[in-house]
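**Q** Structure below; questions to follow.
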Amino acid sequence: MAVNRARDGAPGYALTTLESMVAWGRKYSLFPLTFATACCGIEVMGALGTHYDLSRFGAEVVRFSPRQADVLLVAGTINYKMAPVLRRIYDQMLEPKWVISMGVCASSGGFYNNYTVLQGIDKIMPVDVYIPGCPPNPEGIIDAVVQIQKIIETGAPRAAERWPIK
Amino acid sequence: MGLVLEKLAARFGPEIAATHSNFGDDTALVRRERIVEILTFLRDDPGLLFDFAMDLTGVDYLGEEPRFEVVYHLYSLRMNHRVRIKVRLHEDDPVIDSAVSVWSGINWYEREAYDMYGIVFRGHPNLTRILMYEGFQGHPLRKDYPKAKRQPTIGPEE
């Protein structure tokens, strides 16, 4: 984005592309859908609360309708019974959409190496950002949101474009 | 031998394979053929009055024969005594009569035992999986269920 301010006080002008203008608006108005199934959901509440204040990054308007959400924040253990529900919610979200896999349970099954837990949600949907931790602290969530903002700003390919991972 | 086991042995002597009262817990290992009669007797006898079926569970003794075991934990609120009834089932025929007609509250316990061990309760009004979903393959608490076995998911083919 190029900005030129006239020295004589006359109105200046800005040069940009429509894509970067849209991306600039998008990155500061991410509406997350928190799919909280375990203790990670508590940390999401902490991140959204006053102390960590995720609204500083424009991502505080939590939408529990997938039709209105931009980011799917999967916070918690996903078992096989829940997997079709999660996939349905992902399919219901409008493009463009991003997915954050929060915590080791959502990312890899974590220590639930058993007959009932899905071993990572990237088996059923593309994931843009993984947050490590059990549970991650709110800084991790903020970092993930900033990573999503960087993806939007730079126009980097989303995970959906290189999924499934072979 | 406690009072409960004495009454049970007097009434159903040939049906009872073994009894013990370790640590004061009366336990009877019975044959499966007349299990509903035995449970009805335990519920209705004026000196027993087991009105509360606290638990029913399955056990998998892999490598033994009979392989499976169904365990009933019964309690009498009025008499304040307990008894444990066990039934062994063979692997090739893990079928036992349902006790839902005796205590309706045992309905979900039998479904759980069916779900986890594949024990079939004959005459159960709705013998479907209760914890796992319909498409789940296998019975996960069986000892020969592979630890690393994964269920098919809705994702792309690997």
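The values are calculated or read from the model by the stated rules, or taken from the named source; none is laboratory data. Given the structure is predicted, the values throughout are model-derived calculations rather than measurements. As a convention, Cβ positions derive from the backbone with ideal geometry for all residues, glycine included, and neighbour counts pool all protein chains shown.
**Q** Can you work out which of the residues in the range B:2-59 that are out of contact with any Pro (no Cβ under 9 Å at 6 or more places or on another chain), among the basic types (K, R) and not in a helix (DSSP H, G or I) is farthest from B:I119 (Cα to Cα)?
**A** The qualifying residue farthest from B:I119 (Cα to Cα) is B:R34.
**Q** Under the condition of being part of a loop (DSSP other than H, G, I, E, B) and more than 20 Å from B:E134 (Cα to Cα), which residue from the range A:104-118 is farthest from the other protein chains (Cβ to nearest Cβ)?
**A** Selected residue: A:G110.
**Q** If you go through the range A:119-137 one residue at a time, how many are away from chain B (no Cβ under 14 Å) and either free of Cβ contacts under 8 Å to residues at least 40 places away in the same chain or within 16 Å of the chain's Cα centre (by Cα) (or both)?
**A** Adding up the residues that qualify gives 9.
**Q** Condition check: under 25 Å from A:A83 (Cα atoms), part of a loop (DSSP other than H, G, I, E, B), modelled with pLDDT of 90 or more and within 13 Å of chain A (Cβ to nearest Cβ). Does B:Y133 satisfy that?
**A** When the stated conditions are applied, B:Y133 does not pass them.
**Q** Select from the range A:150-166 the residues that are within 14 Å of another protein chain (Cβ to nearest Cβ), touching a helix residue (DSSP H, G or I) at 6+ places or on another chain (Cβ under 9 Å) and assigned to a helix (DSSP H, G or I) and list them in ascending order.
**A** Correct list: A:A159 only.
**Q** Which of the residues that make up the range A:65-100 are part of a strand (DSSP E or B), aliphatic (A, V, I, L, M) and surrounded by fewer than 21 Cβ atoms within 10 Å (Cβ to Cβ)?
**A** If the condition is that a residue be part of a strand (DSSP E or B), aliphatic (A, V, I, L, M) and surrounded by fewer than 21 Cβ atoms within 10 Å (Cβ to Cβ), then no residue fits.
**Q** Further question: Among the residues of the range B:72-80, are any without any contact (Cβ under 8 Å) to a residue 40 or more places away in the chain, touching a strand residue (DSSP E or B) at 6+ places or on another chain (Cβ under 6 Å) and part of a loop (DSSP other than H, G, I, E, B)?
**A** Yes: one or more hits.
**Q** A:A23 - would you say it is part of a loop (DSSP other than H, G, I, E, B) and small (G, A, S)?
**A** When the stated conditions are applied, A:A23 does not pass them.
**Q** How many residues are over 24 Å from B:R122 (Cα atoms) and in contact with a Gly (Cβ under 8 Å, 6 or more places away or on another chain) if we restrict to the range B:25-54?
**A** 1
**Q** Another question about this same structure. Condition test on B:L77, is it more than 14 Å from chain A (Cβ to nearest Cβ), more than 30 Å from A:N79 (Cβ to Cβ) and at pLDDT 90 or above?
**A** When the stated conditions are applied, B:L77 passes them.
**Q** In the range A:80-103, what count of residues is obtained for those that are among the aliphatic types (A, V, I, L, M), within 14 Å of chain B (Cβ to nearest Cβ) and in contact (Cβ under 8 Å) with a residue 24 or more places away in the chain?
**A** Looking only at that region, the number is 5.
**Q** Something else about it: Can you say whether B:P146 is surrounded by fewer than 14 Cβ atoms within 10 Å (Cβ to Cβ) and either within 14 Å of chain A (Cβ to nearest Cβ) or of a type in the set (S, T, N, Q) (or both), as far as the supplied structure shows?
**A** yes
**Q** Go through the range A:121-166 residue by residue and tally those that are hydrophobic (A, V, I, L, M, F, W, C) and closer than 21 Å to A:A83 by Cα.
**A** The total comes to 11.
**Q** Would you pick out the residues in the range B:69-124 that are within 15 Å of B:F52 (Cβ to Cβ), surrounded by fewer than 16 Cβ atoms within 10 Å (Cβ to Cβ) and among the charged types (D, E, K, R)?
**A** Scanning the range B:69-124 gives a single hit, B:R78.
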